[in-house]
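Notes to accompany the following structure.
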Amino acid sequence: MSLTIYRKAHFNAAHRLFRKDWSDAKNKEVFGKCSNPNYHGHNYELEVGITGKIDPETGFLINLDVLKQIIKEEVEDALDHKNLNLEVPEFKTLNPTVENIALVVWNKLRKKIDAKYGLEIKLYETPRNYVVYSG
Ligand code: NI
């Protein structure tokens, strides 16, 4: 029997969606307001789901204090209050769409969470737009 336990987290970040090899007009046409040259911010909401079995000794699936610390170091410290395009190395050449941010976050967490657990994340860019990714 396996269960999934979730931990929520939050970060604010600024970004701009654009391609250097496109004209300003084409960037505006494709990315709309998200291509504003002066950047804009979002309040990102993250849900991290860990799937596994209950440890009969502790009753825990995973120690949530440990998970909280991993999310803090890998996600909040790396992304909170950052300009994703300018300050986060993963987005130097990768457009910081919610899709790509979800992939980057998942890859960072996957490296720190024991392989015996399943990992799924849900990342909200707005209350209505979100991505679910599980590898
Ligand atoms: Ni945006």
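For the reader, a short list of remarks on this structure follows.
- Here Asn27 passes the criteria (1) more than 12 Å from the chain's Cα centre (by Cα); (2) more than 16 Å from the ligand (Cβ to nearest atom); (3) in a helix (DSSP H, G or I) except the one numbered (2).
- Checklist (1) assigned to a strand (DSSP E or B); (2) away from the ligand (no atom under 16 Å from the Cβ) applied to Tyr44, failing item: (2)
- Looking across region 69-91, the residues that are among the acidic types (Asp, Glu) and assigned to a helix (DSSP H, G or I) come down to Glu73, Glu74, Glu76, Asp77, Glu87, Glu90.
- Boolean, Val104 is of a type in the set (A, V, I, L, M, F, W, C), assigned to a helix (DSSP H, G or I), touching an Asp or Glu at 6+ places or on another chain (Cβ under 9 Å) and surrounded by 13 or more Cβ atoms within 10 Å (Cβ to Cβ): yes
- Among the conditions (1) in a helix (DSSP H, G or I); (2) β-branched (Val, Ile, Thr); (3) touching a residue at least 12 places away in the same chain (Cβ under 8 Å), the only one that Val66 does not satisfy is (3).
- Residue in region 87-101 that is surrounded by the fewest Cβ atoms within 10 Å (Cβ to Cβ), counting only those that are over 20 Å from Glu76 (Cβ atoms) and more than 16 Å from the ligand (Cβ to nearest atom): Thr93
Quick note: the coordinates plus some simple rules give every number you see, no bench work behind them. Every value quoted in this text rests on a predicted model; they were computed, and no experiment measured them. Glycine gets a Cβ as well: all are built from the backbone with ideal geometry, and neighbour counts include every protein chain shown.
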